[in-house]
There are 4 protein chains.
Amino acid sequence: MTEERWRQLTYWPLLISSIVFILVYSWQVIADLQGTLYLIARVFILLTWLSFAADYLVRLMLADTRGRWFREHIFDLLVVALPVLKPLRLLKALTLIHSLRRTAGTALRSSIAIYGAGAAAILIWIAALAELDAERGAPGANIETFGDAVWWAFVTITTVGYGDYFPVTAWGRIVAVLLMCGGVALVGVVTATLASWVLERAAIGRDTDEPATRGQLRDVSHKIDDISARLPPPPAPKESADAR
Amino acid sequence: MTEERWRQLTYWPLLISSIVFILVYSWQVIADLQGTLYLIARVFILLTWLSFAADYLVRLMLADTRGRWFREHIFDLLVVALPVLKPLRLLKALTLIHSLRRTAGTALRSSIAIYGAGAAAILIWIAALAELDAERGAPGANIETFGDAVWWAFVTITTVGYGDYFPVTAWGRIVAVLLMCGGVALVGVVTATLASWVLERAAIGRDTDEPATRGQLRDVSHKIDDISARLPPPPAPKESADAR
Amino acid sequence: MTEERWRQLTYWPLLISSIVFILVYSWQVIADLQGTLYLIARVFILLTWLSFAADYLVRLMLADTRGRWFREHIFDLLVVALPVLKPLRLLKALTLIHSLRRTAGTALRSSIAIYGAGAAAILIWIAALAELDAERGAPGANIETFGDAVWWAFVTITTVGYGDYFPVTAWGRIVAVLLMCGGVALVGVVTATLASWVLERAAIGRDTDEPATRGQLRDVSHKIDDISARLPPPPAPKESADAR
Amino acid sequence: MTEERWRQLTYWPLLISSIVFILVYSWQVIADLQGTLYLIARVFILLTWLSFAADYLVRLMLADTRGRWFREHIFDLLVVALPVLKPLRLLKALTLIHSLRRTAGTALRSSIAIYGAGAAAILIWIAALAELDAERGAPGANIETFGDAVWWAFVTITTVGYGDYFPVTAWGRIVAVLLMCGGVALVGVVTATLASWVLERAAIGRDTDEPATRGQLRDVSHKIDDISARLPPPPAPKESADAR
């Protein structure tokens, strides 16, 4: 079996595994599960983790040159190592759908807007869960409810950073750093999309000064071919080759 | 009656309704109205809300395919649901005016600067009002005067976020999140407009290296047509077609 | 006398007036002048203000259509009204020098970097002075030394906003809002300049796929003219005109 | 010996000197060295400083026109003056490697991503060390451990700025300002790279409307040369020259 075939087979199971992870993790953290229910939730989370780890190992086995595959899939290893990053699989799925729609201008920008908003929403939700999980009960911590954690995630991803809530534990700070990087990328995506729009709009209404298009040049090329066909054949093949 | 006709008829009434909403809401919040005056203000605000809700329903009725219209006008539903978003109608009006001016380079950038500044001003004003309305009197709240609320809105929309003032209520935080998103978009618009300017300037003064224009290529095409007209007619039509 | 001539005559006096304003205002605020020295400093500042106000009035008188001139020079009125904005005259001077150097790519980006850094430095210096002037001695204020004010200005213009220092007076907040807007513009200019560089670099090394240049198309056009000259003259002038 | 030759000879020694500086400085600050070990560390740091100062002086001597070289290498003087900036030599080295890879689109963006991430990592590490060195033990300081310093550096470079940690000493604030400038540049680089990607994607799938390429125009040019070779020679050389 090839790696490509394996990826097609595991596409839906891994997507469902990501969704199960989000749902069970949300339930565990928001309800602050204790005792048996906590254990059940952790078992489910462990199973989703095992599904990702197994997928990683199988794909490593199936790869033609394992050393190269390993170097090219560092990010996949990170996802296996850090369970918090697992729902980024959902984003990856979105990216796959996205790549099917290589369309121009407005359509691309709509796609970016939709997927960007989706990515931001998943990132904020997961970061809030992970932050609350890490901080709740820690000495000196101020993020104690899920509402506060979501509010903190919004304040962080937009780089506003009031400082009314902030992480104090090592894990909480790692989550925060990942979220801040997401925030910088988010601002970048918004700006880049708007810049693309402004540049396209700035080009409207000055057709004569616009770059000549490939279509236009092909028309010209056809006209020249037409003239060429109506002329007498070249006097000597060698001369013509020299002229080139 | 078509939806287009309805939109033309309701353009000015809805614009005036938006302005009435801003004025009455500002008066209610800044003056901290109580008793009868508060009731009068709320009735006016309710009337502006009803005008927007009625407009939404009538347009839904007039639509050719209601399911599609509903999907394409989610934002309009949001405006009806969240009264705070209502003055964004003013921005929409500005956008309509804007679309009439599809002009190149500098003119586009001036338009973006003017409408961007207008949108930011409306957003800051409304957010400050809504924030003060939500926070005033809440336990632990620190935004207690309109001056502080406006200052907070500026600190938030520019993503500075000192943390001297911040919302503590759920509604106040929702308003803050909308304002932060506005701030990210604002930074994006400023950057995109500047980028468009820098890219245009960078192209000045190296005419030979610039992309060939459509005007230039059209001139070349005319010259070739001219040559074509001076040549003998094609020897055989089929051959010419093959050459193409 | 035309407005153009007046502007040439007053270019250096107004530039010197701006520099005197910065020096005297810096001396007054940093040394926290009292008594006679304070009065002397204020008289100098008043004189620089009068020079700007007089310049504004004379130019309004000299304008061909005063109503139009007034609408087009709202910013100049702002500078006269808000003494704090006066040193922006220096930036304006820089902009004038800048417009002489309409050069491509790297040169433009160097200019933007130099003028951007200059503008940021002037903005930070003046904002720190104005902030200290407004806040010092106010009840509850925490910006009490010039060092703290400069630090606060850096934290604000980069939109970091720790919140260790923040303005509490109305004037101090107006200065802060202007500085924040400067910060958003600064981030925008940095990004736009970098974007221009990245886009130019991304185009290097794929010459064949690059847009055809005007120089290239001019060469092609000359070749066609050459062919045209070697062909027999058009059979009938009218036919040729039709072909076009 | 030319300056070019000197730079080739000193490339590796200075790179190693930068790495020694980072390692020894990290060891001194993180372990909070005292007594003899502190002296040993400082001697090593002094030696790396001397290697940079000597390199600067030798290159100044070797320069053809020293005044011009001095003006063009202000940044190198800064690096000698501020030891904290020394590891930026590493970035310079990365930039040298980078310039060898003038490749298009995706490859350029990968390079920028890798070098940008490398630069950000070095900047955060060095800033955290310098900050801790400056702040530890200062009255009123709140950055007391290396973990807190790294966290502070992340919060600062992303311009989030919670305000839970902030510098209070003059040196600490200078380090912070440099880091903030790095943060603004970082956001700019991320955005610019994303903008380049969006603009390239927006162009896919509308080939006919794309700017005509140089390759296309060269093909057309060759066809015209071909026709030219098959036509009778120009009737008179002078006429042909005029036609051009």
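The values are calculated or read from the model by the stated rules, or taken from the named source; none is laboratory data. These numbers come from a predicted model, not from an experiment. A quick note on method: Cβ atoms are made from the backbone with ideal geometry, for glycine too, and the neighbour counts reach across all protein chains shown. Side chains included, ligands, DNA and RNA excluded: accessible areas come from the protein's heavy atoms. Shrake-Rupley method; radii C 1.70, N 1.55, O 1.52, S 1.80 Å.
A few notes on this one:
- A:Val58/A:Leu23 FRET efficiency (R0 30 Å; Cβ-Cβ; nearest 0.05): 0.75
- Karplus-based coupling profile of region C:53-64, in residue order and whole Hz: 5, 4, 4, 4, 5, 4, 5, 5, 5, 6, 5, 5, with θ = phi - 60° in 6.51 cos²θ - 1.76 cosθ + 1.60 and x standing for Gly or Pro.
- Chains D and A together, accessible area buried on both sides, 1.4 angstrom probe, square angstrom: 4200
- Spacing of the two label points (7 Å from each Cα toward its C-beta) at A:Tyr11 and C:Ala170, in nm: 6.4
- Amide H partners (placed H, <5 Å) of A:Thr213, local residues excluded: D:Ala212
- Net lengthening on full extension, D:Thr145/D:Leu37 (0.36 nm per residue, minus Cα-Cα): 36.9 nm
- Cα-based shape type of region C:1-86, given that a ≥ b ≥ c are square roots of the gyration tensor eigenvalues and the cut on a/c is 1.5: prolate
- Averaged over A:147-155, number of beta-carbon atoms from partner chains that fall within 10 Å: 4
- B:Ser221 sits with roughly 20 Å² accessible to a 1.4 Å probe, with DNA, RNA and ligands left out of the calculation.
- Between C:Arg66 and B:Ile30, the C-beta separation translates, for a Förster distance of 45 Å, into a calculated FRET efficiency of about 0.75.
- Using θ = phi - 60° and Karplus 6.51 cos²θ - 1.76 cosθ + 1.60, couplings along region A:26-33 (whole Hz; Gly, Pro as x): 4, 4, 4, 6, 5, 7, 6, 4
- Pseudo-label separations to other copies for C:Trp27 - Cα-to-Cβ vector, 7 Å, nm: 5.4, 5.4, 7.6
- Formal net charge of residues neighbouring B:Ala170 (Cβ-Cβ distance under 12 Å; K, R +1; D, E -1): -1
- Of the GluC sites (Glu not before Pro) found in region A:118-187, those that fall in a DSSP loop while having at most 16 other beta-carbon atoms within 10 Å are A:Glu144.
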